[in-house]
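The values are calculated or read from the model by the stated rules, or taken from the named source; none is laboratory data. Keep in mind that what you see is a predicted model, and the values were worked out from it rather than measured. Positions of Cβ are backbone-derived with ideal geometry, glycine not excepted, and every protein chain shown enters the neighbour counts. For the accessible areas, the whole protein counts, side chains as well, though only heavy atoms, and no ligand, DNA or RNA atoms are used. Shrake-Rupley method; radii C 1.70, N 1.55, O 1.52, S 1.80 Å.
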Amino acid sequence: MEEIMTEPQFVRSHDIKLDADYSEWIAEVKLRYRSAQVKAALKVNGEKLLFNWQLGRDIVQKKAEERWGSGVVEQVSLDLKREFPDSTNFSVRNLWYMKQWYLFYSEDKEKLKQLVSELLPSAEYEKKLFPNDDRALILKQPVSEFPLPFACVPWGHHVRIVQHSRSIEEALFYVGYTIKEGISRDVLSRVMKDDIYNKRGKAPNNFPQHLTPQLAVLAGQVVKENYDFGFATVEHETYDERELEKALHENVTALLLEMGNGFAFLGKQKEILVGGRTRKIDLLFYHIRLRCYIVCELKARAFEPEFTGKLNFYVNAVDEILKQHDDNPTIGLLICSDLNRSDVQWSFKGITTPMGVATYNNIRIKDMLPSQEQLKERMEQLHKELMHTKRLMKKNET
């Protein structure tokens, strides 16, 4: 039996001969470990959510408040925290959330079952959620009324979705969006604030005519109707496209958050040479889920029909020069200050590339913002007003 080295030493690379087989083996080990991590996380989360669902169900079905009094939820919280002091799951507020969660989905169980079947578990979706058909690893004892895809969404996300949503359809949309996009709770809140459930696919586009049905639907969900550029500041009210582009590029992290999950920024003023002439694309992205380039043109004014012709040219150029054989068709995105939907739809006629048109708002104007001196004066004035109010209150008391 080979003796294990026990003398103190620094771990370092030595006495090895690495080859392709070693690299392949290590890559396989890493992949197996990541898979094990995901399965373990899903299993733990699934069991916890199933427990929360069942406890919420118990409170409802046992008519706990009617049977044992209005303070029964507080008593349950005290009993469970006494038994499990290290758990953070049994606060009174969390127990009310469990009841609310169960009630929201269970009022019409047949409708819930039908909608889950329609909106969540397509064949491709199930394969993504449960690779190798590992359903048993998610929940040991699945309950028929508990939607299995819920196990892939953290509890905090579920709470916010139910509090925000006005229907089961809307809630399931955000459940599916969370799973597909892998977003954090804060990003989910931002997405729900933007109301993408009601805005999805509302930006005028010609995606159905130039993309496959599945890709057209996804592209319609990716392109927003309006973009909030409140994070960007320009110098003057009469700014042009170059100033707008500069303001967005200076806040590229905020820009990517506003564009949505899946956008990768490839640069601004990307230069292309066609027919011996240089032309520049305002912003160029690659979308991970759509697997395509997105050419973005900015206009600091209302939509004009000729804008689509220029965008069509840039999309064709990217298709010819950058697009690889396994990329999907390049998409054009025109973002302008305002639009008339009829003008946009008419301008799409004769266009052979997929594109959408959106608006933006809330751009900040620097010369309309108060200066530091003005802010200081305002703070001093507020301080004087506050002191005067305090003197009056003191005088009235005496």
Give the residue that is least open to solvent (accessible area, probe 1.4 Å), with candidates limited to residues of the range 333-355 that are of a type outside the set (Gly, Ala, Ser) and part of a helix (DSSP H, G or I).
Val344
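Going by the structure shown, is Leu369 out of contact with any helix residue (DSSP H, G or I) (no Cβ under 6 Å at 6 or more places or on another chain), closer than 25 Å to Val234 by Cβ, of a type in the set (A, V, I, L, M) and modelled with pLDDT under 75?
Values: out of contact with any helix residue (DSSP H, G or I) (no Cβ under 6 Å at 6 or more places or on another chain): yes; closer than 25 Å to Val234 by Cβ: yes; of a type in the set (A, V, I, L, M): yes; modelled with pLDDT under 75: yes.
Yes.
Conditions tested, residue by residue: (1) out of contact with any Lys or Arg (no Cβ under 7 Å at 6 or more places or on another chain); (2) at pLDDT 90 or above.
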position	(1), (2)
Trp155	no, yes
His158	yes, yes
Val162	yes, yes
Leu172	yes, yes
Thr178	yes, no
Arg185	no, no
Leu188	no, no
Asn198	yes, no
Those residues that are assigned to a helix (DSSP H, G or I), open to solvent by less than 70 Å² (accessible area, probe 1.4 Å) and β-branched (Val, Ile, Thr), I need them from the range 231-279; list them, please.
Val252
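Would you pick out the residues in the range 61-87 that are among the aromatic types (Phe, Trp, Tyr) and not in a helix (DSSP H, G or I)?
Step one: list which residues in the range 61-87 are among the aromatic types (Phe, Trp, Tyr), which gives 68, 84.
Correct list: Phe84 only.
Please verify whether Ser87 is under 27 Å from Ser165 (Cβ atoms), open to solvent by less than 60 Å² (accessible area, probe 1.4 Å) and of a type in the set (Gly, Ala, Ser), treating the condition exactly as stated.
Values: under 27 Å from Ser165 (Cβ atoms): no; open to solvent by less than 60 Å² (accessible area, probe 1.4 Å): yes; of a type in the set (Gly, Ala, Ser): yes.
Judged against the criteria, Ser87 is not a match.
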Within the range 204-262, residues being free of Cβ contacts under 8 Å to residues at least 12 places away in the same chain and among the acidic types (Asp, Glu) number 0
Answer with yes or no whether Asp338 is of a type in the set (Asp, Glu) and farther than 26 Å from Ala247 by Cβ.
no
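Among residues belonging to the range 200-215 that are assigned to a helix (DSSP H, G or I) and at pLDDT 90 or above, point out the one that is surrounded by the most Cβ atoms within 10 Å (Cβ to Cβ).
Looking only at the range 200-215, we keep the residues that are assigned to a helix (DSSP H, G or I), and these are 207-210, 213-215.
Pick out the ones that are also at pLDDT 90 or above and you get 207-210, 215.
Details: Phe207: 22, Pro208: 15, Gln209: 11, His210: 19, Leu215: 19.
In this case the residue turns out to be Phe207.
With respect to Lys299, is the statement that it is in contact with a strand residue (DSSP E or B) (Cβ under 9 Å, 6 or more places away or on another chain), open to solvent by 50 Å² or more (accessible area, probe 1.4 Å) and either touching a residue at least 60 places away in the same chain (Cβ under 8 Å) or not aliphatic (A, V, I, L, M) (or both) true?
Numbers: in contact with a strand residue (DSSP E or B) (Cβ under 9 Å, 6 or more places away or on another chain): yes; open to solvent by 50 Å² or more (accessible area, probe 1.4 Å): no; either touching a residue at least 60 places away in the same chain (Cβ under 8 Å) or not aliphatic (A, V, I, L, M) (or both): yes.
Taking the combined requirement at face value, the residue does not satisfy it.
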